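The values are calculated or read from the model by the stated rules, or taken from the named source; none is laboratory data. Source: prediction; values computed, not measured. Ideal geometry is used to build each Cβ from the backbone, glycine not excepted, and the neighbour counts take in all protein chains shown. The protein model used for the area step is the full one, side chains on, heavy atoms only, and it has no ligands, DNA or RNA in it. Shrake-Rupley method; radii C 1.70, N 1.55, O 1.52, S 1.80 Å.
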Amino acid sequence: MSRRIAIVEDEPAIRANYTDVLKRQGYEVSAYAKRADALTAFRTRLPDLALIDIGLADDVDGGFTLCRELRALSATVPILFLTARDSDFDVVAGLRLGADDYLTKDVSLPHLTARIAALFRRSDLLHAPAQTEDVLARGALTLDVKRLAALWNGQRVDLTLTEFWMVHALARFPGHVKDRDSLMRDARIVVDDSTITSHVKRIRRKFMAIDPKFDRIDTVYGMGYRWNV
């Protein structure tokens, strides 16, 4: 069964171009010009991946709102922002809202399709439990790889795909320092250092919302991060 990608883009020509490219890659594509139309469709059936622009007609931050709404419907559906806005503020805002990746529209089509494929490869790990531990337990932390579920002291932590695999990479070898390249490789993303930092900050906030004393992720300055034993 082909994977379903939702494109939310208000410019008709751009929307049609991306739709055509992804269909030729073998994906099933649903395209929307308005946030409300996309959200209605998501509530009926979730896509396998969402490609979202930030500015949607007169709704200058409509994509941000839609990301937050989609993330409330699912903690694991991959969300990729594809937008003309390239400021650090917008990138960080998108990641804080739960997006798994952020690209600007000057990205080449081969690069875009490669990033989409990378997000799907992470989802495929759900179907390959023999290659990794089904459940990883580290004290109060439990990671269920098969279900992509994270628990802290028995309470669910709603992590995105990227966040889940970053936590898994750190917790799998407690005390070992993971540099940013290792985290990118294990989480199957290609981003800059500031984006990795933003993901780590967001992960910490999610755990601290459950346990204000959470202190398991250490920053080792100049080297990377480690799961504190």
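Annotations for the structure displayed:
- Rounded to the nearest 10 degrees, the inclination of helix 109-124 to the longest alpha-carbon principal axis of the chain is 50 degrees.
- With the whole protein complex present, Lys206 retains an accessible surface near 40 Å², based on a 1.4 Å probe.
- 0 to 90° range, to nearest 10: angle between helix 12-24 axis and the chain longest Cα axis: 60
- Only lysines eight or more places from Lys201 in sequence, or on another chain, were considered; those with a Cα closer than 18 Å are Lys178, Lys213.
- Peptides ranked, highest mean first, by Cβ atoms within 10 Å: ranges 38-51, 66-79, 156-169: 156-169, 66-79, 38-51
- Accessible surface of the chain [probe 1.4 Å, protein heavy atoms]: carbon and sulfur percent: 50
- Listed residue (Thr195, Tyr225, Met208) projecting farthest to the positive dipole end of segment 186-226, Cβ model: Met208
- Average accessible surface for the chain: 48 Å² per residue, computed with a 1.4 Å probe over protein heavy atoms with every protein chain in place.
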